[in-house]
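The values are calculated or read from the model by the stated rules, or taken from the named source; none is laboratory data. All figures in this text were calculated on a predicted structure; none of them were measured in a lab. Don't worry about glycine lacking a Cβ; one is built from the backbone with ideal geometry, like all the others, and counts go over all protein chains shown. These area figures cover heavy atoms from the full protein model, side chains too; ligands, DNA and RNA do not enter into them. Shrake-Rupley method; radii C 1.70, N 1.55, O 1.52, S 1.80 Å.
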Amino acid sequence: MAKKQERNEHQICSFCGRSASEGLLMLRGIDGYICNECVEMAHDVLTTELRNHKTFKPKGNEIPKPKELKAFLDQFVIGQDDAKKTLSVAVYNHYKRISQPLDDDVEIEKSNILLVGATGTGKTLLAKTIAKKLNVPFAIVDATVLTQAGYVGEDIESILTRLLQNADYDVEAAQRGIVFIDEIDKIARKGDNPSITRDVSGEGVQQGLLKLLEGSIVNVPPQGGRKHPEQKMIAVDTQNILFICGGAFDGIEQRIAQRLNTHVVGFVSSIAQHAIDRNHLLQYISPQDLNSFGLIPEIIGRLPMITYLNPLDRVALRAILTEPKNAITKQYVKLFAMDNVKLTFADEVLEYIVDKAVEFKLGARGLRSIVEALMTDAMFEIPSDKSVNELNVTLDYAKEKIDRASAKILE
């Protein structure tokens, strides 16, 4: 093991040849020395090499097949088979497109994805999980904070700033990354009729997103736009960045139902031969519905892959509590295990949590909120009580804690 030695003129760095008399700190090995500056340089080189090795570089058979991607998603996301299949195929084709040989005139265009589903159905989790499988830079941005350039709020380019930050400013890696734009429905046009005033947080943002989604070279401020106007811009090509947009599109079911009832030819005529599932109208969503909701045709055209996520029923919510690799109950069991406490939940407690989640209509996020309210007191008291090594959550205990938490909210 290297040992720190006192500086003297006889200690020479085996790498750069400088001596300790130049003010360098020397570390002695078996038969040589290394100075602190060479250690720092080696650390930087090693960090860069490890980062580049870790970054996913699509090359032929290295790309996970659609069935492999879906099988991986199944470990973390319950249900939503249609969305998983669509997402798996789209991602597989996207990274095949990146690795295509440029030996002919056929150029495969990029297919960005739009996920439509109620809150808590797993839109963000799907995008995050598939990025984890591919091991590519991934960024989540909220469309509600974006405004047209020159107005208060975040510029469109801040989307790529976050991707660059998550890629440790490796531009090449960022240009193969995935960006999830959440709440895309919140930038819908405020009205069908054009007005004198600008729609700076609605249609203006949609128009600003067009160049990013289509693929162009964008000058990105590495630390954000307005706070550091003197900073040097970084050129990022969005041609190979996959954009996944998600939104609840609250109320779009009424537009779908109206279209299905009024149209008698074309696409709907084939649906009319079968009974329309009124409880899952999102499966019939079309670009026409998105346009009537407030998305401009140009941005719809840049999101050719449209899929939906069904609302979570009791069976799915119950499975989310215990089955996935990162199931909510498994997370709390692990937290308590770190304090040497064995945590268990009675089956009736899990059913009670599901009942409350259905009542609150918050999907999977509602489950976590309920479990958090249930376990807060225990997580506060038990770490300081060394005599407790086991906790079994009963139905009476759960009702007491959740009812008290609900009462505080109503006060």
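Screening THR376, THR344 for residues that are open to solvent by less than 60 Å² (accessible area, probe 1.4 Å) and of a type in the set (S, T, N, Q) leaves exactly one candidate, THR344.
In the stretch 91-104, is there at least one residue being in contact with a helix residue (DSSP H, G or I) (Cβ under 7 Å, 6 or more places away or on another chain), farther than 23 Å from ASN240 by Cβ, modelled with pLDDT under 90 and open to solvent by 30 Å² or more (accessible area, probe 1.4 Å)? Checked the stretch 91-104: no residue is in contact with a helix residue (DSSP H, G or I) (Cβ under 7 Å, 6 or more places away or on another chain), farther than 23 Å from ASN240 by Cβ, modelled with pLDDT under 90 and open to solvent by 30 Å² or more (accessible area, probe 1.4 Å). Give the stretch 14-24 a look and list any residue that's open to solvent by 60 Å² or more (accessible area, probe 1.4 Å) and not acidic (Asp, Glu), or say none. The answer is SER14, PHE15, ARG18, SER21.
Out of curiosity, is ILE271 part of a loop (DSSP other than H, G, I, E, B), at pLDDT below 80, of a type in the set (A, V, I, L, M) and farther than 12 Å from LEU114 by Cβ? Spelling it out, it is not the case that ILE271 is part of a loop (DSSP other than H, G, I, E, B), at pLDDT below 80, of a type in the set (A, V, I, L, M) and farther than 12 Å from LEU114 by Cβ. Among residues of the stretch 155-182 that are closer than 12 Å to PHE243 by Cβ, those with a beta-carbon under 7 Å from a residue that is part of a loop (DSSP other than H, G, I, E, B) and not hydrophobic (A, V, I, L, M, F, W, C) at least six positions away or on a different chain give the pairs LEU163/PRO137; LEU163/GLY177; GLY177/PRO137.
The residue that is nearest to ALA42 (Cα to Cα), among those in the stretch 4-32 that are under 50 Å from the mean Cα position of the chain (by Cα) and modelled with pLDDT under 80, is LEU24. Residues that are under 16 Å from TYR95 (Cβ atoms) and modelled with pLDDT of 85 or more were ranked within the stretch 56-72; the one that is most open to solvent (accessible area, probe 1.4 Å) is LYS67.
Could we say that ILE402 is β-branched (Val, Ile, Thr), buried (at least 16 other Cβ atoms within 10 Å of the Cβ) and either modelled with pLDDT under 90 or farther than 30 Å from THR86 by Cα (or both) here?
yes
Note on the stretch 288-350: enclosed helices (runs of 4 or more DSSP H) holding 2 or more residues that are farther than 18 Å from GLU372 by Cβ, in contact (Cβ under 8 Å) with a residue 40 or more places away in the chain and of a type outside the set (Lys, Arg) are 297-301, 314-322. In the set (1) in contact with a Pro (Cβ under 7 Å, 6 or more places away or on another chain); (2) exposed (fewer than 15 other Cβ atoms within 10 Å of the Cβ); (3) at pLDDT 70 or above, ILE217 fails one condition alone, (1).
Of all residue pairs spaced 6 or more apart or on separate chains, those with beta-carbon atoms under 7 Å, a first member in the stretch 33-55 that is open to solvent by less than 100 Å² (accessible area, probe 1.4 Å) and in a helix (DSSP H, G or I) and a second member that is modelled with pLDDT under 90 and among the acidic types (Asp, Glu) are ARG51/ASP168; ARG51/ASP170. Is there a residue being open to solvent by 20 Å² or more (accessible area, probe 1.4 Å) and small (Gly, Ala, Ser) anywhere in the stretch 295-317? Scanning the stretch 295-317, I find at least one residue that is open to solvent by 20 Å² or more (accessible area, probe 1.4 Å) and small (Gly, Ala, Ser), so the answer is yes. Restricting the first member to the stretch 200-219 and to residues that are at positive phi, and the second to residues that are surrounded by 19 or more Cβ atoms within 10 Å (Cβ to Cβ) and modelled with pLDDT of 85 or more, the beta-carbon pairs closer than 7 Å and six or more apart or on different chains are GLY215/THR238. The one condition from (1) modelled with pLDDT of 90 or more; (2) part of a helix (DSSP H, G or I) that LYS356 does not meet is (1). Within the stretch 367-378, residues that are farther than 11 Å from ALA398 by Cβ have Cβ atoms under 6 Å from residues that are open to solvent by less than 10 Å² (accessible area, probe 1.4 Å) in these pairs: LEU367/ALA357, counting only partners at least 6 apart in sequence or on another chain. May I ask you to list pairs of residues, at least six apart or on different chains, whose Cβ atoms are under 6 Å apart, with the first in the stretch 231-243 being free of Cβ contacts under 8 Å to residues at least 24 places away in the same chain and the second being open to solvent by less than 50 Å² (accessible area, probe 1.4 Å) and charged (D, E, K, R)? From the stretch 231-243, no pairs qualify.
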